[in-house]
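Worksheet: the structure to be examined is printed underneath.
The values are calculated or read from the model by the stated rules, or taken from the named source; none is laboratory data. Note that the structure is predicted; figures quoted are calculated from it, not measured. Here the Cβ is made from the backbone with ideal geometry for all residues, glycine too, and neighbour counts use every protein chain on show.
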Amino acid sequence: MITQINKEELKKLYDKDFVLWVEENLKLLKDKQFDLVDWEHLLEEIEDMGNRHLDSVVSFMAVILEHLYKWENFRENEKMGVSWIRSINNGRIEILRLFDRYPSLRVKSYNEIEYAWKDAVRRLIKWFEDPENIRLAKKYFDRLPTEKDFPGKCPYTFEQILDYEPWLKGLEDYEG
């Protein structure tokens, strides 16, 4: 650790050695040398820390949306889509874990549905570009799809992202 550092050196250290930058700022804060702290970068990092968990929720929502949409629109047979169901369920478990740990994320995540949908559409497009799925692209679109081939607005609600199970349709009447 650097024994004495001035404010300008500390700012430069942010880009050169982030770990050392953290250690130096932490030492300054503990020693109550607030005038030497790199406040500009420190505030950015604190903001990023809060967004990290929101980004995780959005990522899980995108996977859930992708797989819900594939299940309802591109499933070819009974066996196809089992891995999608697992992925949806795993994503939901992770989202709920994050909501339990950081309750404010639930409200913030609600406002991120369209970002998650945009990511889901990108994932869908890449899925059709996979050589194994070119046949499906030709079947459903007569070519490789683009963003224009999917709804511009997310077709699912926040509640559906967390709870909707289209694979159970009809099972509630099943007695077997």
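Answer yes or no as to whether Glu72 is at pLDDT 95 or above, in the same structural domain as Tyr140 (by TED's automatic domain parsing), acidic (Asp, Glu) and within 30 Å of Arg135 (Cβ to Cβ). Yes, satisfied. Being at pLDDT below 95 and either of a type outside the set (A, V, I, L, M, F, W, C) or surrounded by 13 or more Cβ atoms within 10 Å (Cβ to Cβ) (or both) is the requirement here; does Glu47 meet it? The answer is yes for Glu47. Pairs are defined by a Cβ separation below 6 Å, a sequence spacing of at least 6 or placement on different chains, a first member in region 116-130 that is farther than 14 Å from Tyr156 by Cβ, and a second member that is surrounded by 16 or more Cβ atoms within 10 Å (Cβ to Cβ); the pairs so defined are Arg123/Glu66; Ile125/Pro145; Trp127/Asn133; Phe128/Ala137; Phe128/Pro145.
Give region 137-150 a look and list any residue that's over 17 Å from Val63 (Cα atoms) and surrounded by fewer than 17 Cβ atoms within 10 Å (Cβ to Cβ), or say none.
Start the filter on region 137-150 by keeping residues that are over 17 Å from Val63 (Cα atoms), which leaves 137-146, 148-149.
Residues satisfying the conditions are Lys138, Lys139, Tyr140, Phe141, Asp142, Arg143, Leu144, Thr146, Lys148, Asp149.
Can you go through Asp119, Asp149 and tell me which one is within 18 Å of Leu54 (Cβ to Cβ) and modelled with pLDDT of 95 or more? Break it down stepwise before answering.
Values: Asp149 fails: within 18 Å of Leu54 (Cβ to Cβ).
Answer to the check: Asp119.
Any residue that is in a loop (DSSP other than H, G, I, E, B) and either at pLDDT 95 or above or surrounded by 10 or more Cβ atoms within 10 Å (Cβ to Cβ) (or both) - is there at least one of those in region 159-168?
Yes, that holds for at least one residue.
Number of residues in region 90-119 that are surrounded by 13 or more Cβ atoms within 10 Å (Cβ to Cβ) and either closer than 16 Å to Tyr69 by Cα or among the polar types (S, T, N, Q) (or both) equals 10. Only one of the listed residues (Arg75, Arg122) is surrounded by 13 or more Cβ atoms within 10 Å (Cβ to Cβ), assigned to a loop (DSSP other than H, G, I, E, B) and either of a type in the set (Ser, Thr, Tyr) or out of contact with any helix residue (DSSP H, G or I) (no Cβ under 7 Å at 6 or more places or on another chain) (or both). That residue is Arg75. Within region 48-91, the set of residues being over 13 Å from the mean Cα position of the chain (by Cα), among the small types (Gly, Ala, Ser) and closer than 22 Å to Ile125 by Cβ comprises Gly81, Ser83, Ser87.
In a helix (DSSP H, G or I), farther than 13 Å from Phe158 by Cα and hydrophobic (A, V, I, L, M, F, W, C): is that true of Ile64 in this structure?
Details: in a helix (DSSP H, G or I): yes; farther than 13 Å from Phe158 by Cα: no; hydrophobic (A, V, I, L, M, F, W, C): yes.
Criteria not met by Ile64.
Here is the figure for region 12-21: residues that are loosely packed, with under 15 Cβ neighbours inside 10 Å and in a helix (DSSP H, G or I) total 5.
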